[in-house]
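Everything below concerns the one structure shown next.
The values are calculated or read from the model by the stated rules, or taken from the named source; none is laboratory data. Since this is a predicted model, take the numbers as computed values, not measurements. Cβ sites come from the backbone with ideal geometry, for glycine too, and all protein chains shown count toward neighbours. Side chains included, ligands, DNA and RNA excluded: accessible areas come from the protein's heavy atoms. Shrake-Rupley method; radii C 1.70, N 1.55, O 1.52, S 1.80 Å.
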Amino acid sequence: MVAVSNPLIEQFFVKQSKPNINPLIIPDIPLIDLSKPESKHHLVKACQDFGFFKVVNHGVPLKFINKLETEAVKFFASPVSNKERFGPPDPFGYGNKSIGRNGDVGWVEYLLLNAKPESDYPENFRGVVNDYVTSVKTMACEILEILADEMKLQQRNVFSKLLMDEQSDSVFRVNHYPPCPEFQENERNGRKLVGFGEHTDPQIISVLRSNNTSGLEISLRDGSWMSVPPDSESFFINVGDSLQVMTNGRFKSVKHRVLANGTKSRVSMIYFGGPPLSEKIAPLPSLMQGEEDSLYKEFTWFEYKKSAFNSRLSDNRLGSFEKVIAS
Ligand SMILES: C=C1C[C@]23C[C@@]1(O)CC[C@H]2[C@@]12CC[C@H](O)[C@@](C)(C(=O)O1)[C@H]2[C@@H]3C(=O)O
Ligand SMILES: O=C(O)CCC(=O)C(=O)O
Ligand SMILES: [Fe+2]
């Protein structure tokens, strides 16, 4: 069979992909059960080894999750003219296929919102997003506080206070990856349709929940891609670039991407916990050992965010903030 060569579709295929992981050596995604005290001992290792883990018994009420998903499904199913009332994203609002301002595209439509409740949310999202974000933020802060405890940092709120701050620059996003029937043929030919191209998240921590459609993949240390089995009852946590810097590279900001599907639509919702714009992002002094040097130049979240939003999705955004250490 011949692959579809519709030029409009072509741009959504992955150009060069590192191999998928060898099925014989698939590692387990770290699983953290927040109701089990012993689970906390695995958190630091998960952030160091993967920068990614799954959370169960998270305490986020199911009714908040379901209400938000219902509204999201309704919104994306509404006429284009309705959705476009909320676009284009500048930076907040409705977007379709175009991601960011620098030419990235994906087989996705989305709503990007300020995590602080705002009156320009689509009507039905107002209270619903607030309930959901408040609850997810509480869970993210609990995780960040356990991490601080486990790393024996004196201030257990050293990370979480950045999300709790009135000025916290946090973002909320709902993504919809519609099925692409034209893609089925290409899938059989081993081609991959990109929903959201490979990238790391710039913030401190991202909390992701999706419906039961697969698509999310994380990049492992050897560069192979591992597919994350979806689980609508759990949350997935990504370490962001800022947490990598604050831990002087001990935690890894995980590279990830989403592949779209020929038949099933994927709906995901992600809270990106970020610090206030004026916050200095630097390795925590209390974490540095002996003569340990900072791996990064000094910058504020404002400076990093500005540089991130001028970059392409797959760029190594932290690269220009790394120090050249003389050997
Ligand atoms: C191509 C881009 C989209 C993005 C801004 C950027 O220039 C590079 C980072 C991208 C990202 C990834 C994580 C989040 O989804 C996001 C909202 C963010 O903070 O950084 C997106 C940005 C976006 O979609 O505008
Ligand atoms: O939609 C997803 O599952 C992940 C999307 C993502 O990584 C992002 O929006 O930054
Ligand atoms: Fe992401």
Item checked: Pair Ser227, Lys45: separation of 7 Å Cα→Cβ label points (nm) -> 2.7
Note to self: Keeping every protein chain present and rolling a 1.4 Å probe, give me the accessible area per residue for the range 52-169 in Å².
What the structure shows: 49
Next item on the list: Could you please state how large a percent of the accessible area of the chain is carbon and sulfur, counting protein chains only and using a 1.4 Å probe?
Entry: 52
Next item on the list: Principal axes first, then extents: for the Cα atoms of the range 101-152, list largest minus smallest coordinate on each axis, whole Å, largest first.
Entry: 41, 31, 16
Check: Between Leu216 and residues 5 or more places away or on another chain, which pairs have amide H atoms under 5 Å apart, with H built 1.01 Å from N, and which residues are they?
Finding: Val228, Leu259
Check: What are the residues whose amide H is under 5 Å from the amide H of Phe13, where those residues sit 5 or more places off or on another chain and H is modelled from the backbone?
Finding: Val194
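Take the alpha-carbon positions of the range 38-162, form their convex hull, and give its projected area averaged over all directions (one quarter of the hull surface) in nm².
For the range 38-162, the mean projected area of the Cα convex hull comes to 9.7 nm².
Pop the C-beta distance of Glu142 and Ser81 into the FRET formula with R0 = 41 Å and round what comes out to the nearest 0.05. Let's see the in-between values first.
On the way: r = 42 Å, r/R0 = 1.01.
For Glu142 and Ser81, the calculated efficiency is 0.50.
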Next item on the list: Tabulate in residue order the Karplus-calculated ³J(HN,Hα) for the range 138-148, using 6.51 cos²θ - 1.76 cosθ + 1.60 with θ = phi - 60°, rounded to whole Hz; enter x for Gly and Pro.
Entry: 4, 5, 4, 5, 4, 5, 5, 6, 4, 4, 4
Next item on the list: Pop out the ³J(HN,Hα) list for the range 157-162 in order, Karplus 6.51 cos²θ - 1.76 cosθ + 1.60 with θ = phi - 60°, rounded to Hz; leave Gly and Pro as x.
Entry: 9, 4, 8, 5, 5, 5
Item checked: Nonlocal amide H pairs with Ile205, under 5 Å, H built at 1.01 Å -> Gly240, Gly273
Margin query: For q values of 0.25 Å⁻¹, compute log₁₀ I(q)/I(0) with the Debye formula on a Cα-only model of the range 139-187, without solvent.
Written below: -0.93
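What translational diffusion coefficient, in µm²/s and rounded to a whole number, does the Stokes-Einstein relation yield for the range 153-302 at 25 °C and a viscosity of 0.890 mPa s, taking the hydrodynamic radius as the Kirkwood radius over Cα pairs?
Numbers: Rh = 17.1 Å.
The calculation lands on 144 µm²/s.
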Check: Which FRET efficiency value, to the nearest 0.05, is calculated for Asp315 and Arg156 with the Förster distance at 35 angstrom and r the Cβ-Cβ distance?
Finding: 0.55
Notebook entry, point to check: Tell me, what HN-Hα J-couplings in whole Hz come from the Karplus equation 6.51 cos²θ - 1.76 cosθ + 1.60 at θ = phi - 60° for each residue of the range 60-71, using x for Gly and Pro?
Noted result: 7, x, 4, 5, 5, 5, 5, 4, 5, 5, 4, 5
Notebook entry, point to check: What are the extents of the Cα atoms of the chain along their three principal axes, listed from largest to smallest and rounded to whole Å?
Noted result: 61, 46, 39
